[in-house]
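Worksheet for the structure shown next.
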Amino acid sequence: MRNKPNPRKRLLGRKLQRLREDTGMTQAEAGEPLRFSTSKLSRIELGHLPKYNEFLALLDRYGVIVSDYDGWVRQYDRALEKGWWHAYGLNDKGYVPLEADADEVRTYQLSYIPGLLQTEPWMRAAFACARMPLPPRRQQNEIAVRLRRQERLISDNPLTLHAIVDESVLWRRDLPSAEMRQQLEHLIECAALPNVTLQIISLDFGIHPGRDGGFTVLSYPSFGEPDIAFVEHGIGAMQFEKEHEVKPARLAFDHLADLAFDEEDSIRLIQRVIAET
């Protein structure tokens with residue numbers, strides 16, 4: 001199965017589509033002199049970008065003047081750049097590439113602290129108790145990736161994060177007391193960032209939508225791309241991109257945000273847990 005292009009490729013594909021539509025040409029008319037089939041041009045407009053010379057040929061076909069090529073070429077090169085995660089042995093599948101292009105992440109976690117808010121000791125403990133423990137070198141790579149992801153929270157163009165966590169996570173003794181306090185204090189520090197919102201759902205709530213498990217909704221307003229819902233489970237993960245699939249995740253998250261303590265009360269709860277840890 002063909003991998004879905006990243007948001008940068010899809011954005012450039014849509015721009016090429018708009019160029020074609022501005023000329024009044026159909027896909028068949030645009031592709032005929034270039035020997036592009038309609039199916040090939042359709043794939044290009046979905047973000048499966050052509051070779052460089054084919055890309056320039058399309059620009060020429062759509063009447064873009066040579067002096068305007070530079071901006072288009074920069075977009076083309078950026079769309080084809082390999083993500084930083086390749087240096088750690090990861091490909092373009094899975095969650096990390098989705099998060100790397102996202103402007104906003106909304107995540108609910110029932111059983112663990114979100115990766116963007118974890119301390120390194122918590123990461124090590126989580127990897128150590130995995131169903132299939134990773135070899136030491138691979139584990140170190142995974143930790144490095146997670147730490148690299150966290151850098152976006154304090155970057156010049158920071159990721160917006162809204163995290164909702166079940167209170168039970170705070171009380172688990174997944175780490176020695178000193179390290180657990182460090183993790184909880186780290187949550188408070190992260191919550192102080194202007195781009196981070198942290199809420200805790202009280203143990204006092206009974207059955208609610210979050211009891212089914214954690215999930216994440218990723219948003220891409222700067223790319224004009226639709227939201228993606230991502231669900232990780234014990235034996236894999238699932239990604240949802242159709243609006244009728246993603247909408248229930250957004251609604252569930254909004255409902256959980258209404259159920260949860262506001263951020264001020266959430267911080268008070270974390271402070272109480274620290275005092276008793």
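Which of the following values of Cα extents along the principal axes in Å was calculated from the structure shown: (1) 79, 48, 29; (2) 52, 38, 32; (3) 73, 40, 35? Computing Cα extents along the principal axes in Å and matching it to (1) 79, 48, 29; (2) 52, 38, 32; (3) 73, 40, 35 gives (3). The angle separating the long axis of helix 136-150 from the principal Cα axis of greatest extent in the chain is about 80 degrees. Relative to the longest principal axis of the Cα atoms of the chain, the long axis of helix 69-80 makes an angle of roughly 40 degrees.
Once you have a ≥ b ≥ c as the square roots of the Cα gyration tensor eigenvalues for the stretch 112-212, tell me rounded if a/c is under 1.5, and otherwise prolate or oblate according to whether a/b is larger than b/c. The shape class here is oblate. A dipole drawn for the stretch 7-80 from +1 and -1 charges on Cβ atoms has a positive end, and of L19, F36, P50 the residue lying farthest that way is P50.
Helix 7-23 sits at what angle to the longest principal axis of the chain, using alpha carbons and giving 0 to 90 degrees rounded to 10? Result, in degrees: 30.
Would you please classify the overall shape of the stretch 7-80 from the alpha carbon gyration tensor, given that a ≥ b ≥ c denote the square roots of the eigenvalues, rounded means a/c under 1.5, and beyond that prolate means a/b larger than b/c while oblate covers the rest? Oblate, because a/c is 1.5 or more while a/b does not exceed b/c. As a length-normalised measure over Cα pairs under 8 Å and 6 or more apart, the relative contact order of the stretch 14-144 settles at 13 percent.
Distance from the C-alpha centroid of the stretch 15-44 to that of the stretch 205-277: 40 Å, rounded to the whole angstrom.
Within the shell defined by Cβ-Cβ distances under 11 Å, the residues around L203 carry a net charge of -3, with Lys and Arg each +1 and Asp and Glu each -1. The relative contact order of the chain, computed from alpha carbon pairs under 8 Å that lie at least 6 residues apart in sequence, is 19 percent. With contacts taken as Cα pairs under 8 Å at a separation of at least 6 residues, the stretch 118-227 carries a relative contact order of 28 percent.
Any read-out appearing in this document is the output of simple, stated calculations on the displayed coordinates, not a laboratory observation. Since the model is a prediction, treat every value here as computed from it, not as a measurement. Because the Cβ atoms are built from the backbone with ideal geometry, glycine has one as well, and the counts that use them run over all protein chains shown.
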